[in-house]
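Below is one structure, written out as structure tokens, with a few remarks after it.
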Amino acid sequence: MKIIVSTVVAAPLPDVWQAYTTPEDILVWNTASPDWHTTSASVDLRPGGSFSSRMEAKDGSFGFDFAGEYTKVVPYQVIEYTFGERTGTVVFAEGAAGVTVTVSFDGEPTHSEEQQRTGWQAILDSFSRHVKGKLASE
């Protein structure tokens, strides 16, 4: 099952791309809820390069690594990657309202499609808020 989430970020494409692909930014936005955080992130943004982020509950009760390998990178347009046996794609599309960021990924059998969609959408919404806040502070 392929799951798709998206958001529109009212920011220039270079700023959106940088925030999505920079470990320091990922540490800030990569969370689905305030009781979680990302404690580490690494990005080697090239085909064959790896990525990893460590997500943990702030109370220390649970954590997991999200890691994989980039299979295609077209700057400011698309990122494709594998994580385990699954694949994901991130598309960046400029429009009148800003940059639409669309993430599609292979679902997994442990959680319902709705749970996965809700969690990934929450992370993408957090990303959008981070970019807006970052631009406002500059």
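Based on Cα contacts under 8 Å between residues 6+ apart, the stretch 1-49 shows a relative contact order of 25 percent.
In the assembled protein chains, W17 presents an accessible area of approximately 20 Å² (probe radius 1.4 Å). Ordering H111, H130, H37 by accessible surface, largest first, gives H111, H37, H130; the 1.4 Å probe counts only protein heavy atoms, with every chain in place. Of the accessible area of the chain, computed with a 1.4 Å probe over protein heavy atoms only, carbon and sulfur atoms account for 54 percent.
Restricting the GluC sites (Glu not before Pro) of the stretch 50-92 to loop positions (DSSP other than H, G, I, E, B) with no more than 16 neighbouring Cβ atoms within 10 Å leaves E85. Considering only alpha-carbon pairs that sit under 8 angstrom and 6 or more positions apart, the relative contact order computed for the chain is 31 percent. Each Lys and Arg Cβ is given +1 and each Asp and Glu Cβ -1; about its Cα centre, the stretch 83-138 then shows a dipole of about 260 debye. Extending 7 Å from Cα along the Cβ direction at K134 and again at E113 yields two label points whose distance is 3.3 nm.
Starting from a Cα-only point model with no solvent, please compute log10 I(q)/I(0) by Debye for the stretch 32-84 at q = 0.22 1/Å. Result of the Debye calculation: -0.80. Accessible-area rank, largest first, for L27, L124: L27, L124, with all protein chains present and a 1.4 angstrom probe. Rolling a 1.4 Å probe over the heavy atoms of the protein chains gives the chain an accessible area of 53 Å² per residue.
Pairwise alpha-carbon distances in the chain exceed 27 Å for 14% of all pairs.
The values are calculated or read from the model by the stated rules, or taken from the named source; none is laboratory data. Only a predicted model underlies this, so the values are computations on that prediction, with no experimental measurement involved. We place every Cβ from the backbone using ideal geometry, glycine too, and count neighbours over all the protein chains shown. Protein only, heavy atoms only, side chains kept; ligands, DNA and RNA dropped before computing areas. Shrake-Rupley method; radii C 1.70, N 1.55, O 1.52, S 1.80 Å.
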